[in-house]
1. For the range 106-134, give me the residue count where each residue is buried (at least 18 other Cβ atoms within 10 Å of the Cβ) and over 29 Å from ILE45 (Cβ atoms).
2. Among the residues of the range 59-75, is there at least one that is touching a helix residue (DSSP H, G or I) at 6+ places or on another chain (Cβ under 9 Å) and more than 22 Å from ARG47 (Cβ to Cβ)?
3. Give the range 93-118 a look and list any residue that's of a type in the set (Lys, Arg) and within 22 Å of ASN134 (Cα to Cα), or say none.
4. Considering only the range 58-98, state which residues are of a type in the set (Lys, Arg), assigned to a loop (DSSP other than H, G, I, E, B) and either touching a Gly at 6+ places or on another chain (Cβ under 7 Å) or under 27 Å from TYR162 (Cα atoms) (or both).
5. Looking at TYR137, TYR202, TYR162, can you tell me which residue is surrounded by fewer than 10 Cβ atoms within 10 Å (Cβ to Cβ), modelled with pLDDT of 65 or more and either touching a Gly at 6+ places or on another chain (Cβ under 9 Å) or not assigned by TED's automatic domain parsing to the domain that holds THR58 (or both)?
6. Could you check PHE113 against (1) part of a loop (DSSP other than H, G, I, E, B); (2) touching a strand residue (DSSP E or B) at 6+ places or on another chain (Cβ under 6 Å) and say which number it fails?
7. Which of the residues belonging to the range 138-169 are in a loop (DSSP other than H, G, I, E, B) and in contact with a Pro (Cβ under 8 Å, 6 or more places away or on another chain)?
Amino acid sequence: MMKITQVLKILIIFLVMSAPIKVNASCPGCELSCLSEETIRLQRIARNITTSYTYEETFDKDGFGSVRFTVRLNNVHRHLEIEDSNKRRYGGSSNNQVELRNQTSGSKRLRIFANTRTCSRQILELDINLPSYNRYYKKEPCDKIPEFTLCRKWSNVSGISYSDFQKRTQEYMNIEEPKEIEKEKEDNWFDDVMSFISEYRYYIGAGMIAVTILVIIITNRVKKKDDFDLNTN
């Protein structure tokens, strides 16, 4: 018969060999790879990402505008993923492009993650800036003062109510209208002068010729008189 100690040894060996072994099959050696040459390689690839955007503009029945942007990220390698501010992740398509739709104005920070068998951590951040949009720029009286800051399409009007917009545009017009009136007077004076010259150009021309001839005659007489006085002396 086997001794009790031998039985216990066999039982212990059996339990040890049958115990489950925990293995991270999806990312073996992940930490080591992500902290070394794998990270460097993926960061170099990620730095080739470029961005561009388009926008779609709409107006409600009252004439207030709104805009939504579509951001395109190019050169997104298949080993990379883009995470937006809502924690949604996007992988590059067949043409290495990612589209982020329905974006609003302002600064956005995107996070770039590695997406390989051995690495899945964040490797870079990417900041994009979408221009501020002026929802009032089509409202009156902006058609008369398009140069005014609050009447420009890409102007920041956040925090400005419509009543504030109306007040400030009217104040601007009250300043500019006297300038316009003065300018119109100057333009009208110049136009009047040019109109007079154009209408009486023949008379003016004849008068100038007559004056020129008269000046020549007087000059010659004075010269002859001076010559005579010198000869008599």
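The values are calculated or read from the model by the stated rules, or taken from the named source; none is laboratory data. Because the structure is a prediction, the values reported are computed rather than measured. Positions of Cβ are backbone-derived with ideal geometry, glycine not excepted, and every protein chain shown enters the neighbour counts.
1. So the count comes out to 2.
2. At the first step, the residues of the range 59-75 found to be touching a helix residue (DSSP H, G or I) at 6+ places or on another chain (Cβ under 9 Å) are 64, 75.
Narrowing further to those that are more than 22 Å from ARG47 (Cβ to Cβ): 64.
Yes, because at least one residue in the range 59-75 is touching a helix residue (DSSP H, G or I) at 6+ places or on another chain (Cβ under 9 Å) and more than 22 Å from ARG47 (Cβ to Cβ).
3. Initial filter on the range 93-118 (of a type in the set (Lys, Arg)): 101, 108-109, 111, 117.
Within the range 93-118, ARG101, LYS108 qualify.
4. Initially, the range 58-98 is screened for residues of a type in the set (Lys, Arg), giving 61, 68, 72, 78, 87-89.
In the following step, the residues that additionally are assigned to a loop (DSSP other than H, G, I, E, B) were identified as 61, 78, 87-88.
Within the range 58-98, LYS61, ARG78 qualify.
5. Numbers: TYR137 fails: surrounded by fewer than 10 Cβ atoms within 10 Å (Cβ to Cβ); TYR162 fails: surrounded by fewer than 10 Cβ atoms within 10 Å (Cβ to Cβ).
Unique residue meeting the criteria: TYR202.
6. Only one criterion in (1) part of a loop (DSSP other than H, G, I, E, B); (2) touching a strand residue (DSSP E or B) at 6+ places or on another chain (Cβ under 6 Å) is unmet by PHE113, namely (1).
7. Filtering the range 138-169 for residues in a loop (DSSP other than H, G, I, E, B) gives 138-148, 152-161.
Of everything in the range 138-169, those that are in a loop (DSSP other than H, G, I, E, B) and in contact with a Pro (Cβ under 8 Å, 6 or more places away or on another chain) turn out to be ARG152, TRP154.
Results for (1) outside the structural domain of LYS153 (by TED's automatic domain parsing); (2) modelled with pLDDT under 90; (3) of a type in the set (D, E, K, R), shown as yes or no for each residue.
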site: ILE4; (1), (2), (3): yes, yes, no
site: PHE14; (1), (2), (3): yes, yes, no
site: ALA46; (1), (2), (3): yes, no, no
site: ILE82; (1), (2), (3): yes, no, no
site: ARG88; (1), (2), (3): yes, no, yes
